[in-house]
1. Only one residue in THR102, THR170 is outside the structural domain of LEU85 (by TED's automatic domain parsing) and not charged (D, E, K, R). Which one?
2. Do we have any residue at all in the stretch 69-86 that's under 30 Å from LYS208 (Cα atoms), of a type outside the set (Val, Ile, Thr) and assigned to a loop (DSSP other than H, G, I, E, B)?
Amino acid sequence: MNLNSNIGTGKGGASPFDSDTNDDSGAPLPDFNASNIKLQTVAPAFGISSSSLPAGVSQPDYLEYDQSRGVTTIMFTNSGISYMLGVTLGGLYGLREGLAKTPSSRFKVKLNSILNHCGRNGSVVGNMLGATSILYSLYEGLADTYDLDQYTGPIQPPAPLFAGAMTGATYYMRAGPRVAALAGSIGLASVGGTFAIYSMLGLPYGSKGWLWF
């Protein structure tokens, strides 16, 4: 039996490496003919102005899509982050106060003092920051709704400045007009100072997605 005569042969005696029976050239290349594409329908994408289009040629209509978040979503985000931040900062301050003002060095007494101070300070700071964040979000949404930027000229953006001033004034309005005015000025200065720092550092304003940061 001659083994050499059967090696490399397939069906019908043809070799699988025979170029006549196995074409490994791959799939044909796609047709790149762009003659059927009308540039008039994609004129904005190619920088073609409407004045250069032929007479009677209509351009496609583009729907306006507002990608900004709603006032309710912004309010929940701001208040949630602010409350958690306030609870954390207040809790750390309460930890310090609890260790410093504990009446005894016994472990149970010291633990009870720490828990009391952390709970009291954490809740106070968290509630304060959460409430001010809700006020800020509502005032900012009000300014955006009525397009406040159309009336302020070079003072841009006016919505965060307006919201910061009104938040401080509203939060302390029960303390009297002078205290409310001072709190509003502090809120306005906080927003304006943050905007100035961001501008010097080259950071996009509002990039953090929280309050005016």
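The values are calculated or read from the model by the stated rules, or taken from the named source; none is laboratory data. This is a predicted model, so every value here is computed, not measured.
1. Every option except THR170 fails the conditions.
2. yes
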